[in-house]
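Worksheet: one structure, shown below.
Where a number appears in this text, it was derived from the coordinates with a stated rule and is not lab data. Keep in mind that this is a model prediction, so the values were computed, not measured. Note that we place each Cβ from the backbone using ideal geometry, even for glycine, and neighbour counts take in every protein chain shown.
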């Protein structure tokens, strides 16, 4: 049974955090979304799936058209699949297959400490989000997608101001040449995303410097990075990341052929 919940309610928040104590990318993202947007009516929707004993066994948090699902061994995948289609999500991510034709990315987890942070790296608010977006846009590829500027600016600036995100950038001649930002942040975990380096500055340690600086900000948190299959494995391993054994499943429902219920 799947029931809508008011995520701004203290009891609901406690249930979500208890479920997400299992850890992982989707758990961290769900908590980060709740911490960032639950207090703003209409921006966030959330549901719990209950098992036969009345215990929460899954959660679904929807921001815009994107839905993040936290699964457990007791999750009813068939019920979740029907619900997600009925809820009108445009995309869904989970650490387990819900839709058969999902693409997947590799989750890597930091296994050892980073080297000392590069003193040249800047942190927000000394990083221009407009310049950072221009850098991100210049690095677009088939596997590295970039949202619309307005969407990026609204979400990034909101989370940075409210302490639910960190970012770092390395500058040369007052322009960022490398950038890294958390895609999700909680008290105990973080997911690093939006890692990019200008083409002419690659293989010069700029990306490593940004990630090291960002990990220094993250302290003792458990840190994850999500990468495309077959890309950047050796780079992230050199920075102390190893495959976590779990993949991230991503389905774009607008282009998958699934019809809303």
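Test of understanding: ordering 66, 35 by Cβ neighbours within 10 Å, fewest first, what list do you get? Display every interim value, and only then the final one.
On the way: 66 15, 35 19.
With the sparsest Cβ surroundings first, the list reads 66, 35.
Which values of log₁₀ I(q)/I(0), to two decimal places, follow from the Debye formula for the range 1-147 at q = 0.10, 0.11, 0.19, 0.20 Å⁻¹ with a uniform point scatterer at every Cα? Calculated log10 I(q)/I(0) at the listed q: -0.45, -0.54, -1.22, -1.29. Among 145, 182, 216, the largest mean-square fluctuation in a Gaussian network model of the chain, built with springs joining Cα atoms closer than 10 Å, belongs to 145. What's the angle, to the nearest 10 degrees (0 to 90), between helix 10-19's Cα axis and the longest principal axis of the chain? On a 0 to 90 degree scale, this one is about 70. If contacts are Cα pairs under 8 angstrom and at least 6 residues apart, what is the relative contact order of the range 113-239 in percent? Relative contact order comes out at 28 percent. Cβ-to-Cβ counts within 10 Å put 222, 187 in ascending order as 187, 222, the fewest first.
The slack in the chain from residue 66 to residue 148, taken as 0.36 nm per residue of separation less the alpha-carbon distance, amounts to 28.1 nm. With neighbour counts taken as other beta-carbon atoms within 10 Å, the residues 241, 152 rank, fewest first, as 152, 241. Radius of gyration over Kirkwood radius for the range 113-239, both on Cα atoms: the Rg/Rh ratio is 0.92. By DSSP, what percent of the beta bridges with both residues in the range 176-232 are antiparallel, rounded to the nearest 5? Around 60 percent antiparallel, to the nearest 5.
Size check on the chain: the Cα extents along the three principal axes, sorted descending, read 58, 37, 36 Å. The length gained on full extension between residue 77 and residue 174, counted as 0.36 nm times the residue separation minus their Cα-Cα distance, comes to 30.0 nm.
Note on the chain: helix-only mean residue ellipticity at 222 nm, from DSSP H runs of 4+ residues weighted -39500 (n - 2.57) and normalised by residue number, equals -9000 deg cm²/dmol.
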